[in-house]
There are 2 protein chains.
Amino acid sequence: MDIANTLGISPSAVSKALSNHPRISSETKLAVLEAVKMLDYQPNSMATGLRKGRSGLIGMLVPGIHYGFFATAIKGAEEILSQQGYSVLIAQSKENSAHEKKQIEGFVKAQVEGIIASMAMETKDPSFYKALSADIPLVLFDRTFEDDRVSTVIIDDFEGAVKAVDHLLEMGYKRIAHLAGFDHILPFQRRIEGYKSALQKHGLPFREEYLLQSALNKDEGANAMQQLLRLAEPPDAIFAASDYLAFGAMKEIKIAGLRIPEDIGVVGFSNEELSAQVSPSITTIDQFSESLGATAAELLMEQLKSGTTGKEFTAQKRIVSPRLLVRQSSVRKGEVPSPL
Amino acid sequence: MDIANTLGISPSAVSKALSNHPRISSETKLAVLEAVKMLDYQPNSMATGLRKGRSGLIGMLVPGIHYGFFATAIKGAEEILSQQGYSVLIAQSKENSAHEKKQIEGFVKAQVEGIIASMAMETKDPSFYKALSADIPLVLFDRTFEDDRVSTVIIDDFEGAVKAVDHLLEMGYKRIAHLAGFDHILPFQRRIEGYKSALQKHGLPFREEYLLQSALNKDEGANAMQQLLRLAEPPDAIFAASDYLAFGAMKEIKIAGLRIPEDIGVVGFSNEELSAQVSPSITTIDQFSESLGATAAELLMEQLKSGTTGKEFTAQKRIVSPRLLVRQSSVRKGEVPSPL
DNA sequence: TTGAAAGCGCTAACAG
DNA sequence: CTGTTAGCGCTTTCAA
């Protein structure tokens, strides 16, 4: 230890001085602190880590960093984690199971103390994560699976769908169609359930022809909308499982010469940046992606502190309520949409 | 070492087996590899790192992960880095100099082998980075400063601006205004220079009243456009330093009852997701943010391999050419915009 | 070809 | 209150 040599004292004295150990004279402590400044000393975290059995690293795995949703979630998590003195390792699965596994192994090799992850779309078999969570504190967010041994943070997609449909009904729309995602992904399944449940609650029938599943992009939204407009009795409102679907549908509605929101109301999902910018702006469900990430980080911190990983561990489930953002695409007559 | 005990051989034998050392019998090697599988052994990277003086960690600092541009750059860098066997630490400066410094110190403490960074908007004094680059291989990207001791990766903003203006002139527009960013930020300064240079090249005068600096958002774009439309001789085309500015300007143009691209042509900058989606779609300059990140990572890898950090080191400068994406907002008459 | 020994920088236990 | 010692898990001489 450099400092020890410079001052002619023992390394352990230095160590104590730096860790504010009680058994040290304030004299030596001061001398050490000064030397630290002089030499611009940085403790070697690998040595400390090796000795203490702690790396100070948390791994965060997402399908892709460039997805707005995940980028924001990372932002939220990073803030909490770095605040708690952890460094954050980032990796992407690229929606690919094999790659996902490899990246997680990288985390393990780097000796991360905990992992926050969102599953790849491709990953149907979650047993890998189950096994992992027995070894390392793990929190899954957004893309999760059902298992009471794994901690998860998700938004309440059911509630989000209900809020969307309720809102459309309040605005006076009667025939609400749902442009859905594929129901083998849990969140989309829940949105479909919420949609049906809200209809039922209001005594409205569920019509098979008003539910269309597809990938979440603009073109699929346009296709689906075309189909709907061809129906004998087309819907007068659209609840889409994604803002991109909603946006594509809106294009098609305009092409058909119909007006939004006068003739057809539209509500999206996710609060993509896009939805506030286009005209008319799109009413949507905000998923609070940043606080979703932050919540996942907090949950992980709790698990780390309680030191429970193995057998005795009780998984935590956190469900964040989504929020309805009313914009122009769903408000007719003199109603005033809330700002932003 | 677990494996050594299990097999009743020495740790050094195991080490050699795992690192493919020549001085080892293939017999023992096989035995070791088998045991590795059996015990699901993971070498402790902190121990290895401590011994070898390498952490396998690269730090990447950006103003904010949620900015589309930086998220994509991270994606690009992460791919290269993880492919090379490095793990990537992420941190955000939040545009704040003090925070930026703290995060970098975190990297140093974590013993990163190299750093990729983009400066906080607030950071006017780059001496901190100069000092840092003497200690640790450093590559700055996008938000950089001029110094021949620091490696940088940027796009050629001047060229991007020239391409934009050239294109507008080719499309037959005559009076081109520039909605600029603030010129104390290098990229925006360069775009202004490129704008002026392109005008000059074509023998057109530079008009003071056609250059408006502002923050890069929709509202500022709208404001600026209002001002321009009030001129005795308003411009017939807009080159905006950001797609958001362009988008705001387009709103205002429509409000004024003018048509895009027939009456006024518009070109933006950055290829934000938005610009492909809105109607009319916005012609823009693509910054290749993903390959910008990847290039920064590659440059860093080169520096690490050449082992040059201290005195003898020659900084590298990489300049990526941007690309013009022609869309609807700038193409009148029968011209065909390229797809996407 | 293998093993013994030393040590990377740090901390925790114990002895002084 | 301070120093000595041992060892975290690994790699690298060097000697066997």
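Each value in this text was obtained by applying a stated rule to the coordinates, not by laboratory testing. Computed from a predicted structure; not experimentally measured. Every residue, glycine as well, gets a Cβ built from its backbone with ideal geometry; the counts of neighbours run over all protein chains shown.
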- Over what distance in Å are the Cα centres of the range B:80-98 and the range A:248-321 separated? 26 Å
- Over the range B:258-310, what relative contact order in percent results from Cα pairs under 8 Å that are six or more residues apart? 25 percent
- Message: Give me the extension gain from A:Arg230 to A:Leu186: residue separation times 0.36 nm, minus the current Cα-Cα distance, reported in nm with one decimal.
- Response: 12.9 nm
- Task: Provide the convex hull volume over Cα atoms per residue for the range B:119-255, in Å³.
- Result: 110 Å³
- Item | Dimensions in Å of the protein assembly as shown - Rg and Dmax from alpha carbons | 28.5, 91
- Query: Distance in nm between label sites at B:Ser12 and A:Lys130, each 7 Å beyond Cα in the beta-carbon direction?
  - Reply: 4.6 nm
- Message: Please list, by residue number, everything in the range A:99-131 whose backbone N is under 19 Å from a paramagnetic label point 7 Å out along Cα→Cβ of A:Ala215.
- Response: A:120-124
- Query: Which whole number in µm²/s is D for chain A by Stokes-Einstein, with the Kirkwood Rh taken over Cα pairs at 25 °C and 0.890 mPa s?
  - Reply: 108 µm²/s
- Message: I'd like the orientation of helix B:289-306 relative to chain B: the angle between its Cα long axis and the longest Cα principal axis, in ° from 0 to 90, rounded to 10.
- Response: 40 degrees
- Per-residue ³J(HN,Hα) for the range B:260-277, Karplus 6.51 cos²θ - 1.76 cosθ + 1.60, θ = phi - 60°, Hz, x for Gly and Pro: 10, x, 4, 8, 9, x, 9, 10, x, 8, 3, 6, 5, 3, 2, 5, 7, 8
- Task: Shielding by partners for B:105-112, please: the mean number of other protein chain Cβ atoms within 10 Å of each residue's Cβ.
- Result: 5
- Note on the structure: Over the range A:159-229, the quotient of the Cα radius of gyration and 2.2 N^0.38 Å is 1.07
- Going by how many other Cβ atoms sit within 10 Å of their own, how do A:Thr283, B:Thr123 line up, fewest first? B:Thr123, A:Thr283
- Query: With axes computed from alpha carbons, what is the tilt in degrees of helix A:26-39 against the longest principal axis of chain A, rounded to the nearest 10 within 0 to 90?
  - Reply: 70 degrees
- Message: Just want to confirm a number: the relative contact order over chain A, from Cα pairs under 8 angstrom separated by 6+ residues, in percent.
- Response: 17 percent
- With a cut-off of at most 15 other beta carbons within 10 Å, and DSSP calling the residue loop, which trypsin sites (Lys or Arg not before Pro) in the range B:204-250 qualify? Please list them. B:Arg207, B:Arg230
- Grab the DSSP H runs of chain B that are 4 residues or longer, score each as -39,500 (n - 2.57), total them, divide by all residues and round the 222 nm result to the nearest 500 deg cm²/dmol. -14000 deg cm²/dmol
- Item | Which of A:His184, B:His99, B:His202 has the fewest Cβ neighbours within 10 Å, and the rest in rising order | A:His184, B:His202, B:His99
- Query: With labels modelled as points extended 7 Å from the Cα through the Cβ direction, what inter-label distance (nm, one decimal) is found for B:Lys52 paired with A:Lys37?
  - Reply: 3.8 nm
- Message: Only four residue types carry charge here, +1 at the Cβ of Lys and Arg and -1 at the Cβ of Asp and Glu. Report the dipole size of the range A:79-207 about the Cα centre in Debye, rounded to the nearest 20.
- Response: 500 debye
- Message: Pairs of alpha-carbon atoms within less than 8 angstrom and 6+ residues apart define the contacts here; what relative contact order does the range A:89-141 have, in percent?
- Response: 39 percent
- Message: As a footprinting exposure proxy, order A:Lys102, A:Lys37 by other Cβ within 10 Å, with the fewest listed first.
- Response: A:Lys37, A:Lys102
- Message: Exceeding 29 Å between C-alpha atoms, which entries from my cross-link table qualify? They are A:Lys29/A:Lys75; B:Lys102/B:Lys317; A:Lys52/B:Lys75; A:Lys16/B:Lys102; B:Lys174/B:Lys317; B:Lys124/B:Lys317.
- Response: A:Lys29/A:Lys75; A:Lys52/B:Lys75; B:Lys174/B:Lys317
- Query: Which whole number gives the average, over all residues in A:63-74, of C-beta atoms from other chains lying within 10 Å of the residue C-beta?
  - Reply: 5
- For A:Ala4 and B:Ser25, extending 7 Å from Cα along the Cα-Cβ vector and measuring point to point gives, in nm, a value of 4.1 nm
- Across the residues of A:41-54, average count of Cβ atoms on other protein chains within 10 Å? 5
